[in-house]
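To start, the structure itself, in structure tokens.
The values are calculated or read from the model by the stated rules, or taken from the named source; none is laboratory data. Fair warning: this is a prediction, and the values are worked out from it, not measured in the lab. Here the Cβ positions follow ideal geometry from the backbone for every residue, glycine too, while neighbour counts run over all protein chains shown.
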Amino acid sequence: MPNRLPRTTRTLLSRVVPALALVGALSSAGTAHADTTPLTVTTFATAGTYAWTVPNGVTYVTVFAIGPGSGGGNGGDGYVQTDPAPFPTSGGGGGGGSSSGSQVTCVLPATPGSTLNITVTKGGIGGTNITGNATGNGGGQSGFTEISKPGVSGTVTAYQGGPGGGGTHARTGAATGGLTNSAPPAGTCSYTGATLVNSAAGTAGTSGGDGNAQAGGTPGAGGVPSAVPGSCGNAGTGGDGGAGGGPDASSGSTGANGTDGCVVLAPLG
């Protein structure tokens, strides 16, 4: 027979359910610094550092956080052989798609008038070509999403996605597609006194396709996170890779940027 949760935890989670339903139904973003009233949900969907004051009458806050997506890899350049073999004409490899950010939902004990510090990180930049380096560059990473409180140990943390790798230049041999990176682990809730509701790892992207004599490699797709509140839009999505350059020696395409992280706060009286 499975162990039952303590009565206090079961009571708390029964109050969280409607708050989570409200979080999922949201469609608008909050302001940079907001003092909310009880049961008014606030969303931080733009990269930045914020301070949120716990309203009067609020004893718990349900927190959802998702980390930023990283950038997709740049496609490798195509190549036209002007001398005899050994190098054939070929398209460059496609850039790899990056992973989505991980996410976490938990309930924090709250004291009216106290402040939660919130960091929402910008999505990673897509990889671009560098002069003299015809192999595509990998996408960039940027950081993680975090909620903390002065004087309280631990944080709520959602991690950034892994960047996509660049496709290779056809002249270096077989034009291979850039690899996707491993997805980040599930978000964590180490904030003192917090109750974890759920968490999820990021979603890996797909690797880019190999180039050949007919075309450049196809771009890898960025990872898309699991269910995210509507007010967060497409937060935490990994950037797609860039297409490989064609066998006419055209350049590979730039990888797409990942999207910013997001935080949603739902007070409970």
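Here are the numbers for the structure shown:
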read-out	value
Inter-residue pairs, beta-carbon under 7 Å, first at positive phi and in the range 53-80, second surrounded by fewer than 24 Cβ atoms within 10 Å (Cβ to Cβ) and assigned to a loop (DSSP other than H, G, I, E, B), 6+ apart	Gly57/Pro38; Gly57/Pro112; Gly57/Gly269
Flag if Ser90 is at pLDDT 85 or above, on the phi < 0 side of the Ramachandran plot, among the polar types (S, T, N, Q) and out of contact with any Ser or Thr (no Cβ under 7 Å at 6 or more places or on another chain)	no
Residue within the range 244-251 that is at pLDDT 90 or above and either part of a loop (DSSP other than H, G, I, E, B) or surrounded by fewer than 21 Cβ atoms within 10 Å (Cβ to Cβ) (or both) present	no
Residue that is farthest from Val104 (Cα to Cα), among those in the range 183-203 that are aliphatic (A, V, I, L, M) and modelled with pLDDT of 90 or more	Ala194
Strands (runs of 3 or more DSSP E) completely within the range 107-169 that count 3 or more residues being touching a Pro at 6+ places or on another chain (Cβ under 7 Å), closer than 20 Å to Ala221 by Cβ and at pLDDT 85 or above	none
Test result for Ser99, part of a loop (DSSP other than H, G, I, E, B), at pLDDT 50 or above and polar (S, T, N, Q)	yes
Some residue of the range 37-58 being at pLDDT below 50, outside any strand (DSSP E or B) and either surrounded by fewer than 20 Cβ atoms within 10 Å (Cβ to Cβ) or not β-branched (Val, Ile, Thr) (or both)	yes
Residue in the range 201-224 that is of a type outside the set (Ser, Thr, Tyr) and outside any loop (DSSP other than H, G, I, E, B) present	no
Residues being modelled with pLDDT of 90 or more and among the aliphatic types (A, V, I, L, M) - total across the range 211-242	4
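Yes/no matrix, rows are residues, columns are (1) surrounded by 18 or more Cβ atoms within 10 Å (Cβ to Cβ); (2) among the aliphatic types (A, V, I, L, M); (3) farther than 30 Å from Val152 by Cα; (4) in contact with a His (Cβ under 8 Å, 6 or more places away or on another chain):
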{"residue": "Ser182", "(1), (2), (3), (4)": "no, no, yes, no"}
{"residue": "Asn198", "(1), (2), (3), (4)": "no, no, no, no"}
{"residue": "Ala201", "(1), (2), (3), (4)": "yes, yes, no, no"}
{"residue": "Thr206", "(1), (2), (3), (4)": "yes, no, yes, no"}
{"residue": "Gly209", "(1), (2), (3), (4)": "yes, no, yes, no"}
{"residue": "Pro219", "(1), (2), (3), (4)": "yes, no, yes, no"}
{"residue": "Gly233", "(1), (2), (3), (4)": "no, no, yes, no"}
